[in-house]
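Structure first, then comments.
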Amino acid sequence: RLRSVDVLDIVNIIGRIVVAGSSRRSAQISLGDQDDTLFLKAKKWSDGNVPAWRANSNNTVIVDNFSEIADNTLFWNNFNGGSEAYGLFNRKLSRAVGRTKEKRVDNTIVGGNPCLEVTLGNKESCNLATIWLPNIRTFDEFIDLSSILYKIQKATALLPHPSKESEAIIHKNLRLGQSVAGILQATDEQRAWLSPAYESLRALDSSWSKHLGVRESVRLTAIQPNGTLGLVGGTTPGIHPAYDRFYIRRVRFGSNDPLVEACRNKGYPVVPEIGLDGAVDHTRFVVEFPCEAPENTPLASEMTAEQQLEWVAWAQENFADNAVSVTVTYKDEELPSIKKWLTNNYDTKIKSVSFLRYSDHGFKLAPYEPIDKSEYEKRVKSISKEEIILKGVSELDDDGCETGACPVR
């Protein structure tokens, strides 16, 4: 007889096999019950070493009513830094509504993708695209980009799939996940575009689906965590603030990636990966980049957890009809206010949420680490300004979920 933690380990080990050799990627979400003791303790390193393969999954509890978890001491004890804090998935709300201000039933939903910005049926895949909101100049430009991305995504959803079971559910739902990055960095005017842009997208789906002779999409929009992807457009990720004014950004590479040696030669610190079990992994290397957030960028260090949750609820109401992937950073003294906010709002406003202690969270090489200005300037000064000449093919060895919503490795 398999226990839940045995199933967790089996699928995590499969994920570890997938990434063997460091040229492939793997991210998983593991959904468990709020009364499953073994599951809730699976990443509690304060009780002893946690197997390294358990880093492969974002462990999340299915909670349809917050009252089910409000007094669960085992769940909340994971928030004290001795464990990975588990996320929450409101499957009941996900099935009942698209955006939280409108009823849109989808009873095929059983889970979601690894970061839980897209809710999915059994064997269904996600279909994502991103617009960098702060870089868009006008509402008309936003609509033009949204329309182009929509048509690409719709065509992708209609493609055949190697698995006929997957093809059946994909073609039934034609689920899309058009996302927006840099929301907190955008202006009030730009954020005001999102609700009418969704209405425009819904109208386009109606007319374009009729033109193609196919079903309308069951869902159209989401908010991705946008880890590495957000950097391409120079914005903050998804609905997240910047981590701090000055910080270290860590990026994983396979050990044989030519960028590792190039970064080392330029003066960037390069260290081997360290697993959840404390073992050093020389097949993957971590490069540390000093970063400075642009002026007037909201910072996680200056926002309360409650303020972050309010933004999640806003995005879920105004734009995302799938879900909003977010990692709310918190300080220990904020736990009572987090519980109070969730008691009043979770059941009707939140489809998914993850949490990460702002500091002292227990992760040895976390994707983000705050530093002061002098440390930032010291690191910048040590970096060579010479151009990187790359010989070979480089591939970033991460999955776009570096904010903590997906596994922090």
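Things worth noting here:
- Meets criteria (of a type outside the set (Asp, Glu) and buried (at least 23 other Cβ atoms within 10 Å of the Cβ)) for PHE363: no
- Of all residues in region 78-92 being among the charged types (D, E, K, R) and within 22 Å of ASP347 (Cα to Cα), the one that is most open to solvent (accessible area, probe 1.4 Å): LYS92
- Residues in region 79-91 that are charged (D, E, K, R) and either free of Cβ contacts under 8 Å to residues at least 40 places away in the same chain or touching a Gly at 6+ places or on another chain (Cβ under 7 Å) (or both): ARG91 only.
- Subset of region 47-94 [assigned to a strand (DSSP E or B) and under 15 Å from LEU342 (Cα atoms)]: VAL61, ILE62, GLY87, LEU88, PHE89
- Test set (1) farther than 14 Å from PHE289 by Cβ; (2) assigned to a loop (DSSP other than H, G, I, E, B) - PHE355 fails condition number: (2)
- Residues that are farther than 15 Å from VAL19 by Cβ and of a type in the set (S, T, N, Q), drawn from region 234-291: THR235, THR236, ASN265
- Residue satisfying all of: in region 31-46; open to solvent by 10 Å² or more (accessible area, probe 1.4 Å) and assigned to a loop (DSSP other than H, G, I, E, B); nearest to GLY275 (Cα to Cα) among these: LYS44
- A single entry from PHE75, PHE139 fulfils the requirement of being of a type outside the set (S, T, N, Q), at pLDDT 95 or above, under 18 Å from SER195 (Cα atoms) and surrounded by fewer than 21 Cβ atoms within 10 Å (Cβ to Cβ): PHE139.
- Scanning region 330-342 for residues that are free of Cβ contacts under 8 Å to residues at least 40 places away in the same chain and either of a type in the set (Lys, Arg) or in a strand (DSSP E or B) (or both) yields LYS331, LYS340.
- Residues that are in contact with a helix residue (DSSP H, G or I) (Cβ under 9 Å, 6 or more places away or on another chain), open to solvent by 20 Å² or more (accessible area, probe 1.4 Å) and on the phi > 0 side of the Ramachandran plot within region 206-240 comprise just one, GLY234.
- Within the set VAL118, VAL110, the sole residue that is open to solvent by less than 20 Å² (accessible area, probe 1.4 Å) and touching a residue at least 12 places away in the same chain (Cβ under 8 Å) turns out to be VAL118.
- Single condition ALA279 does not satisfy, out of (1) more than 27 Å from ASN12 (Cα to Cα); (2) of a type in the set (A, V, I, L, M, F, W, C); (3) open to solvent by 20 Å² or more (accessible area, probe 1.4 Å): (1)
- Test for VAL18: is it β-branched (Val, Ile, Thr), surrounded by 13 or more Cβ atoms within 10 Å (Cβ to Cβ) and more than 30 Å from ILE170 (Cβ to Cβ): no
- Being of a type outside the set (Phe, Trp, Tyr) and within 19 Å of the chain's Cα centre (by Cα) is a description that does not apply to ARG104.
- Selection from region 30-71 of residues that are closer than 23 Å to THR348 by Cβ and aliphatic (A, V, I, L, M): LEU31, VAL61, ILE62, VAL63, ILE69, ALA70
- When the criteria are applied in full, LEU158 meets the requirement of being among the aliphatic types (A, V, I, L, M), more than 29 Å from VAL353 (Cα to Cα) and open to solvent by 50 Å² or more (accessible area, probe 1.4 Å).
- Residue check for GLU165: surrounded by 15 or more Cβ atoms within 10 Å (Cβ to Cβ), modelled with pLDDT of 95 or more and more than 25 Å from SER200 (Cβ to Cβ): no
- Unmet requirement for THR235, which otherwise passes all of (1) touching a Phe, Trp or Tyr at 6+ places or on another chain (Cβ under 9 Å); (2) not in a loop (DSSP other than H, G, I, E, B): (2)
- Single match in ARG284, ARG264 (criterion: open to solvent by 20 Å² or more (accessible area, probe 1.4 Å), not in a helix (DSSP H, G or I) and not hydrophobic (A, V, I, L, M, F, W, C)): ARG284
The values are calculated or read from the model by the stated rules, or taken from the named source; none is laboratory data. Since the structure is predicted, the reported quantities are computational estimates derived from the model, not experimental observations. Using ideal geometry, Cβ is built from the backbone for each residue, glycine included, and neighbour counts are taken over all protein chains shown. We work out accessible area using only protein heavy atoms, side chains counted, and drop any ligands, DNA or RNA first. Shrake-Rupley method; radii C 1.70, N 1.55, O 1.52, S 1.80 Å.
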